[in-house]
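Here's the structure, in C-alpha cells; my notes come after.
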Amino acid sequence: MQRLVDNALAVTKESVKTFTYESLNNIARSINGLSALLLTILPGKANILEGVQGWELRPTFHGPRFPRWMENGVSSFNHFIHELSVDSDTSSTDYSSGEDNLDGICPASPSSHVSKTSRTSTRISHDWHWTDWMAYIFSWILLPARFLLGVLFLLFRLLNIRRSKVSSDPGSPRPRNFHSFRKVHSSKDHVVHRTTDRRRGVIEDLHLAIEIFIEAIFDMFHKAVHWVLSPSAVFRIFVRWFSSLICIDHDVLNASVPTATLGDNNPAPTERNLTLHQALNTDARTCQDVIAELGYPYEAIHVITADGYVLLLERIPRRDARKTVYLQHGILDSSMGWVSNGVVGSPAFAAFDQGYDVFLGNFRGLVSREHVDKNISSRQYWRYSINEHGTQDIPAMIEKIHEIKTAELKISKPDEETNDEQPYKLCAISHSLGGAGMLMYVVTRRLKEKPHRLSRLVLLSPAGFHDETNFLFTVAHYLFLLLAPILAPFVPAFYIPTRFFRMLFNKLARDLHNYPAVGGLVQTLLSYGFGGDSSNWVGVLGLPHFNMNDMPGLSFRVTHHLAQIKSTRKFRMYDYGSTSANMEVYGSPEPIDLGEYYSLIDIPVDLVAGQKDQIINSSMITKHYKLMKDGGVDVSYKEFEYAHLDFTFSHHEELLAYVMSRLLLVEPAPKRQSSEKALKLKKKGQASS
C-alpha cells in the first residue's frame, strides 16, 4: 500500500513540476516573442542594436577576450603570478565545497571582505524623504513578489544546510569529479573560471522557488501518509529524536575542542568551508574583487574632502614607477567602468601593463552616503553640484596621490635628489562628467595660483557644452529648469533607496540578458530616449556596481547644473540663483565662465569625440577644442566612430592604442636633474677661478 502511495505521489509531483515549469517557460517565451515582434516594426533598430546577433549585450565578466598577439593569454603580471603559483604551491587551499561552488556565483577575492567593510564603515543613518515613502508604498504593492522571494531565500538556505550536513557526514561519499576537476586546471584557468558570471534573474528565481516549494509540499504529504500508514515507524522516530536530544545536551556539557600542535607528525586534517555566494545569487562584486580575480595587485585608499565627504581612491600599484595615471569616471558610474572589459580592453589594465602606477577615482554620490558626519541628513548629503566634483573631490584625490607617490619614491630612491617637488609625472584620463570636472579643477587651481600636479589630460567625450541635444533632452532640460524651484525642496537626488528594489533591479538586468528579444527591445527604447545613441545600455545596467548593497546616485543639483549649462550655452559653474549667493562664492554676481579661462591651461590636452555619440555631440567637443586653440593651449582632437558609453564599456583596441600613445608622450621625471645641474655649476665655478 505504501509503495502504491509513494508511486502516486511521485508521479503527481513530477507532473505538477513539469506543468508549472513549462507554463512559466511558455509565458517567458511569449514575452520574448512579443518583444521580437515589436522589434521588427520599430524603425532605426539596425543602427541601434549593433551586435545583437552575436548578443554582445551580455556582461563582460564571462572571461577576458585575448588578442592573437598575447602568447599565453595573460598579461606580463598575470604570467608572473601564474609561474609563481605553479612553482611555489600546487595544492592551493580549496575555497569551495561540493556543489555549492558550481551553483553559486563567482567568489569574491580573498580580501574583498575588507573592501566591503571599509566601504560600509562610514555609512550613516538614512532619514526619510519622499523617495523612501514611495519605496514604502511600492513595497506594499509588490508584497506578493517579496513574499515569494522570501520563501525562495528560506528554502534555498534550508537546501544548502541539508547539503552541507550531507557533505560533512564522514560516511557520505565525496564528490570525486569535483576534486579531479580542480587538480587538472592551472591557475590561469582558475582566474578565468572565477570571472564567470553566474547570477540568476527573476525568471530563474521563480523556476527554483516553484520547484523547491513543490518539493516541500509533496515531502510533507509523503511524510504525513507514511505516518498514517506506519504508526510504529512514527513511534520509533519519536524515540530516536528524544534520545538524540538527551545525547546532544550531554555532549554540549562535555564538549572539547580538538587541537593540533605544529610538531605533530599526523595532524588532523581540516577542511575550509566558506560561503562565497551572495544572497539570491546577485552580483555585488566591487572593483577590488575584479582586479584581484584577474591577478593584479590592489590597494584601497580612503580620501576625505575639505567638506567631509569620504571618497574611495582605488589603486593598481607600481610603487617605484615615476609614470602615474589617474582615471576619473563619468555620471552614474564608478571605477568599475575602467576594469569592466577584463584583462584585454580595459584602460586601467592597459596602463598598468605599460608600466604606470594606476589610480582609479570615485566621485561622491553613493546610496551608502559616506561622510565623516554619520548623522548627516539625505538633504544635506546630496547638496552638491558639478562644482564640488571639480573643486573638492578631484583636488582631494590628486593631493592624496601626490602625498603617496612623493613618500614612496623618496623611500625607494633615497640616493636620488631632485630639485622638483614632484618626482613623478601624473596624467589624467576622464570620461563624460569626469572630463568636465577635470577641466574645472585645472582652471580653478590656476585661478587660485595653486599647483594642479598634472602633466597631461586625455578627455573622452567630456561634458561642459550641451548646446546641441536631441529633442527629448531639450524638452527635459527646459521642463527641469521650470520645475526646479518646486522639486528642489522635495527631491534631493535620484536613486533607488531600498535594498529590495536594488536587488530587483539587478535581477531584472540579468533577465534582459537571458531573453535577447526583451533586452533588445529595452535597448531600443533606451536608445530612442537618448536620441539614438547606440551605447550598450543593457550591458551597462548589468555591471556589478549596480547591485543591491550600493549604487551610484545622481544629485538634483548636478542635474540642475547641467540644465543651466544647456540653457546658457556656456560652460559655467553652478548658479546659486541669487546675486548675493554668487557674490559670496565667486566674488561676482555671475558664476565663472570656465571657457573664458581656457588660456590658463598650461598642459597638453587630448580631446576624443564619438561620431555616434548622441549624449555629448562631437560638435560640442569641437567647441572645447576651438576655445582651447584660441587660448593657445597645446590641444589635439580625435574622432572615433563610437557612441557615448563605448569609450569605457566596450572593447576597442584602436581607442586603447590611441590613449596609450598620448600617455607615452609624457616622459617620466628626470632622476638626477638637480645633481647634474649642481655638477655643472661646480665645474663652471672652478673654470672661472
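Computed from the coordinates by the stated procedures, all read-outs in this text should not be read as laboratory data. Predicted model, so just to flag it, every value in this text is computed and none were measured. Backbone-built Cβ (ideal geometry, glycine too); neighbour counts: all protein chains shown.
Rg over Rh for the stretch 411-559 works out to 1.08, both radii taken from alpha-carbon positions and Rh defined as the Kirkwood radius. Remark on the stretch 488-594: Rg and Dmax equal 18.8, 56 Å (Cα only). Rg over Rh for the stretch 496-552 works out to 1.00, both radii taken from alpha-carbon positions and Rh defined as the Kirkwood radius.
The calculated P(r) of the stretch 420-507, using every Cα pair and 5 Å bins from 0, goes 3, 10, 11, 12, 14, 15, 14, 10, 6, 4, 1 in percent. Under 1.5 on a/c is rounded, so check that first for the stretch 303-371, then, if it is not, pick prolate when a/b is larger than b/c and oblate when it is not; a ≥ b ≥ c are the square roots of the alpha carbon gyration tensor eigenvalues. Note, shape of the stretch 303-371 comes out oblate.
Answer rounded, prolate or oblate for the stretch 366-474, using the Cα gyration tensor with square roots of eigenvalues a ≥ b ≥ c: rounded when a/c is under 1.5, else prolate when a/b is larger than b/c, else oblate. Oblate.
As a proxy for reagent exposure, ranking Tyr586, Tyr298 by other Cβ atoms within 10 Å from fewest up yields Tyr586, Tyr298. Peptides 474-481, 592-599 ranked from most to least packed by the mean count of surrounding Cβ atoms within 10 Å: 592-599, 474-481. When the Cα positions of Gly577, His560, Phe546 are compared along the charge dipole of the stretch 481-635, Phe546 comes out farthest toward the positive end, with charges on each C-beta of Lys, Arg, Asp and Glu. Over the stretch 454-504, the hull volume per residue, using the convex hull of the C-alpha atoms, is 214 Å³.
The gain in end-to-end length when the Ala8 to Glu421 segment is fully stretched comes to 140.3 nm, 0.36 nm per residue minus the alpha carbon separation. Simple spin-label estimate for Leu600 and Leu472 gives 3.8 nm between the two label positions (7 Å along the Cα-to-Cβ direction from each Cα). When each of Met583, Met503 is scored by the number of other beta-carbon atoms lying within 10 Å, the sequence from fewest to most is Met583, Met503.
Given R0 = 45 Å, the distance between the Cβ atoms of Phe221 and Leu554 translates into a calculated FRET efficiency of 0.30.
Sorted on the mean count of surrounding Cβ atoms within 10 Å across their residues, most packed first, peptides 390-401, 364-375 read 390-401, 364-375.
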